[in-house]
Amino acid sequence: MAGLARHVDPEELVKKLHDHPHGSHTRGVHTNRAVSYTTPYSSRYASSTELSKFKIPHDGAPADVVHQLLKDELDLDGRPNLNLASFVGTYMEEHGEKLMIENLAKNMADADEYPAMMDMHARCVSIIAHMWGVQKGERAIGTATTGSSEAIHLGGLAMKRRWQERREKEGKDKSKPNIIMGANAQVALEKFARYFEVEARILPVSAKSRYRLDPELVKENIDKNTIGVFVILGSTYTGHYEPVEEISKILDEYEKKTGVDIPIHVDAASGGFIAPFTHAKVGGPKWNFELPRVKSINVSGHKFGLVYAGVGWIVSSVPGRPLKPQLLPKHLIFELHYLGGTEESYTLNFSRPGAQIIAQYYNLIHLGFTGFQSIMENALANARLLSKTLEATGWYRCISEIHRPKGQFEYQEGVEPGAIEGETSADYNAGLPVVAFTLSDAFKRDFPHVKQAAVSNLLRAKQYIIPNYPLPPNEESTEVLRVVVRESMSMDLLDRLIADICAVTETLMQSDEMDLAAWQPFSKSTEKEHASAGLAAKDKHKKSRQPMHKGIHRSVC
């Protein structure tokens, strides 16, 4: 009796066992394009001929067949509304969607051809600048981007160029720029430093600093070569707002002592569309252009700006005085003569979609201040309810703090947080509608064999995507599960999510070690096998199994 195969290649098995009624040479190629069919499933592509995957086919296939087969394959994707890992919106109102579809063909690069769209772009910049506290008598300059990553790079470039120009004017060395950020920074911030040759001073975060950039460490690490500080309004790890005003005061004191002016760029990818509207704001302190040291702010329109993926914003300003040329060094602004028009460009991309800009303007005008406020307050209320319920089970404790009364930051085991009559977000700690939670110490004592990743895996079987990941370096021994409560998380869906988390947890409590070890959450596709496979931070000195230069690679968004 033959032994069991150690490895099975499903693609090879299918190829070997497939029936070839027209001969093996027809697989993937068919020269008779006149073959008739009634439905996509009665065509040759349903059984005898495979759609080409990695090379362009010699002959095309009927549109309705390709549409149906691709649609069927895409059924394997998760449900966007149950992707609770992502900050990116998955819902838009019908009229907003309609406007996007009607304007899909418009290119932001063709300003002269689409003047009405460009007017809407300018209005969005103005509205967002006022939303962020642009001061009376100021001028603000801004642009749409493809997302916050591009916006962060533009803000960082402006800080680097201003620093270089100042150092050159003073006759000083300008070869060693550095920038300050916390270890909780999103990858786009570190990419800016690497791509544009700036030393990234990535400062550790801790429970003591509430998993945010530590102002005391900022004080210890700034110097004459610091081009700026990235401060995050809404950490992707835990949803915390970083203390912009406290860091600004440290930089004010440093300038008084040394004469070195270090600016702040606020990465408000998510918080930029939350803090201006909620009753909590950022908990009391200032964070925007009301602080003279804040020179630029970015936000993702496709996150809490409620637009589908593909739009971000960056706005720069000089509080208290009119815009001066050095705010945006002139060699970062390109004058373009294109398709009969002349325009100035301050972007990394050229062609980019215009439909998202129109959708952003629609949201701003349609919802207004009170509409955005209602949506953001609802999201925070639902995030608070989820947080309180998880802690009330005794199985979990929350690392995020938006459900704790304002000024209270510590988890108190066994104490059930109550509701406040007529409450708003102002009664609680400010932050993003994010719930970052971990198994409680009591649970770990009682069920030491249960690994937290199993909670994420079993929830994925119910179609929820809730990631389990370690906190930033220095706190990586703590793993958290994270739920982003977006606009589309209704009370009904929240009820079901809470019930499913409880059911999954109880299942794990009743399982033994062998049951848990057998759980396999997913299998790899051929594409993933050939894609770039990264390494854990502890193994970064090793070579990746499939480096980028070997072929297909992953992108990080």
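List of remarks:
- A residue that is open to solvent by less than 10 Å² (accessible area, probe 1.4 Å), in a loop (DSSP other than H, G, I, E, B) and of a type outside the set (K, R) cannot be found anywhere in segment 246-254.
- Selection from segment 194-205 of residues that are surrounded by 16 or more Cβ atoms within 10 Å (Cβ to Cβ) and not in a strand (DSSP E or B): V198, V205
- Remark: S126 falls outside the filter, which requires a residue to be touching a Cys at 6+ places or on another chain (Cβ under 8 Å) and either without any contact (Cβ under 8 Å) to a residue 40 or more places away in the chain or open to solvent by 40 Å² or more (accessible area, probe 1.4 Å) (or both).
- Contact annotation: residue pairs with Cβ atoms under 8 Å, 6 or more positions apart or on different chains, pairing a residue in segment 231-251 that is among the acidic types (D, E) with a partner that is crowded, with 22+ Cβ neighbours inside 10 Å, are E242/G182; E242/L213; E242/V231; E242/I232; E242/L233; E242/S235; E245/W287.
- The condition of being of a type outside the set (D, E, K, R), in contact with an Asp or Glu (Cβ under 8 Å, 6 or more places away or on another chain) and surrounded by 18 or more Cβ atoms within 10 Å (Cβ to Cβ) holds for only one of A185, A144, A158, that being A185.
- Every listed requirement among (1) over 20 Å from the mean Cα position of the chain (by Cα); (2) surrounded by 15 or more Cβ atoms within 10 Å (Cβ to Cβ) is met by E102 save one, (2).
- Failed item, numbered, when K71 is tested on (1) under 30 Å from A436 (Cβ atoms); (2) in a helix (DSSP H, G or I): (1)
Table: residues versus (1) within 29 Å of the chain's Cα centre (by Cα); (2) under 30 Å from L76 (Cβ atoms).
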residue	(1), (2)
Y411	yes, no
G422	no, no
G431	yes, no
L439	yes, no
P448	no, no
R460	yes, yes
Q463	yes, yes
N468	yes, yes
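- Top-ranked residue in segment 207-244 [being more than 20 Å from the chain's Cα centre (by Cα) and of a type in the set (G, A, S); ranked as farthest from K406 (Cα to Cα)]: G228
- Of all the listed residues (K219, K191, K208), the sole one being surrounded by fewer than 16 Cβ atoms within 10 Å (Cβ to Cβ) and outside any loop (DSSP other than H, G, I, E, B) is K219.
- Among the residues of segment 132-152, some residue qualifies, meaning at least one is in a helix (DSSP H, G or I), touching a residue at least 60 places away in the same chain (Cβ under 8 Å) and β-branched (V, I, T).
- Being within 29 Å of A111 (Cβ to Cβ) and modelled with pLDDT under 95 holds for only one residue in G340, G368, G354, G320, and it is G340.
- Unique match (being under 21 Å from the mean Cα position of the chain (by Cα) and of a type in the set (D, E, K, R)) among E479, E391: E479
- Residue match in segment 74-91 (condition: open to solvent by 60 Å² or more (accessible area, probe 1.4 Å), part of a helix (DSSP H, G or I) and aliphatic (A, V, I, L, M)): yes
- Selection from segment 105-122 of residues that are small (G, A, S) and either over 21 Å from G142 (Cα atoms) or open to solvent by 80 Å² or more (accessible area, probe 1.4 Å) (or both): A105
- Whenever a residue of segment 422-433 is open to solvent by 10 Å² or more (accessible area, probe 1.4 Å), it has no partner that is β-branched (V, I, T) and assigned to a helix (DSSP H, G or I) lying with C-beta atoms less than 6 angstrom away and at least six residues away or across chains.
The values are calculated or read from the model by the stated rules, or taken from the named source; none is laboratory data. These figures come from a predicted structure and were not determined experimentally. Please note: Cβ atoms are built from the backbone with ideal geometry, for glycine as well, and neighbour counts cover all protein chains shown. Side chains are part of the model used for accessible areas, which takes the heavy atoms of the whole protein and leaves out ligands, DNA and RNA. Shrake-Rupley method; radii C 1.70, N 1.55, O 1.52, S 1.80 Å.
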